[in-house]
Amino acid sequence: GVIRDPQTAVRYFRQAAELGDAYAQFNLARRCEEGQGTATDLVEAWKWYELAAFGGIASANEGKRALESRLTRQQLEQARRAAEEFRKQAAAARK
C-alpha cells in the first residue's frame, strides 16, 4: 500500500548516506548514476560508490570501476576530492 516515489527515496537515501550509512550510500550512488529520482550525476555517483566501498560494500567497487571509464580525468579527480572532503567532515563531526 505504499506509493513508489523515486524522489522521496533519493531524499531518504541522501539523509542516511550523509549520516554514514554505507547501504544508503550505495543506493544513492546507483540512483545518481541512473538518474532515478534525481538528475544523472556521474561524479556524485562515483563519490557515493567510493564511500560505500570504504564502508564495506564490496559491490560498490564494481560501480566505481564501471564509472571510471565514463568519467574524464578531471571529473574523476573532482569525485575523489569530494569523497575525501566528505570523510574529513564526517571525522570532524564525530570529534
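Do you know which residues across segment 24-39 are farther than 10 Å from residue 9 by Cα and basic (Lys, Arg)? Across segment 24-39, the qualifying residue is only 30. Looking across segment 28-46 at every residue that is touching a helix residue (DSSP H, G or I) at 6+ places or on another chain (Cβ under 6 Å) and either of a type in the set (Val, Ile, Thr) or at pLDDT below 95 (or both), the one that is least open to solvent (accessible area, probe 1.4 Å) is identified as 43.
Being of a type in the set (Val, Ile, Thr) and touching a helix residue (DSSP H, G or I) at 6+ places or on another chain (Cβ under 7 Å) is the filter here; which residues of segment 1-15 pass it? Of everything in segment 1-15, just one residue is of a type in the set (Val, Ile, Thr) and touching a helix residue (DSSP H, G or I) at 6+ places or on another chain (Cβ under 7 Å), namely 10.
Please specify each residue of segment 67-87 satisfying the condition of being open to solvent by 70 Å² or more (accessible area, probe 1.4 Å) and among the polar types (S, T, N, Q). Working first, answer last.
Of segment 67-87, the ones open to solvent by 70 Å² or more (accessible area, probe 1.4 Å) are 69-70, 72-74, 77-78, 80-81, 84-85.
Those that are open to solvent by 70 Å² or more (accessible area, probe 1.4 Å) and among the polar types (S, T, N, Q): 69, 72, 74, 78.
Let's see how each residue does on (1) within 22 Å of residue 10 (Cβ to Cβ); (2) surrounded by fewer than 18 Cβ atoms within 10 Å (Cβ to Cβ); (3) basic (Lys, Arg):
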site	(1), (2), (3)
48	yes, no, no
51	yes, no, no
54	yes, yes, no
65	no, yes, yes
89	yes, yes, no
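Just one of (1) on the phi > 0 side of the Ramachandran plot; (2) without any contact (Cβ under 8 Å) to a residue 40 or more places away in the chain fails for residue 20. It is (2).
Identify, please: which residue in segment 1-21 is of a type in the set (D, E, K, R) and assigned to a helix (DSSP H, G or I) and is, among those, least open to solvent (accessible area, probe 1.4 Å)?
Step one: of segment 1-21, the residues of a type in the set (D, E, K, R) are 4-5, 11, 14, 18, 21.
Next, only the ones that are assigned to a helix (DSSP H, G or I) stay: 11, 14, 18.
Working: 11: 119, 14: 67, 18: 104 Å².
Looking at the filtered set, the residue picked out is 14.
The values are calculated or read from the model by the stated rules, or taken from the named source; none is laboratory data. Just so you know, these numbers come straight off a predicted model, no measurement behind them. Ideal geometry is used to build each Cβ from the backbone, glycine not excepted, and the neighbour counts take in all protein chains shown. The area values use the complete protein model at the heavy-atom level, side chains included, leaving out ligands, DNA and RNA. Shrake-Rupley method; radii C 1.70, N 1.55, O 1.52, S 1.80 Å.
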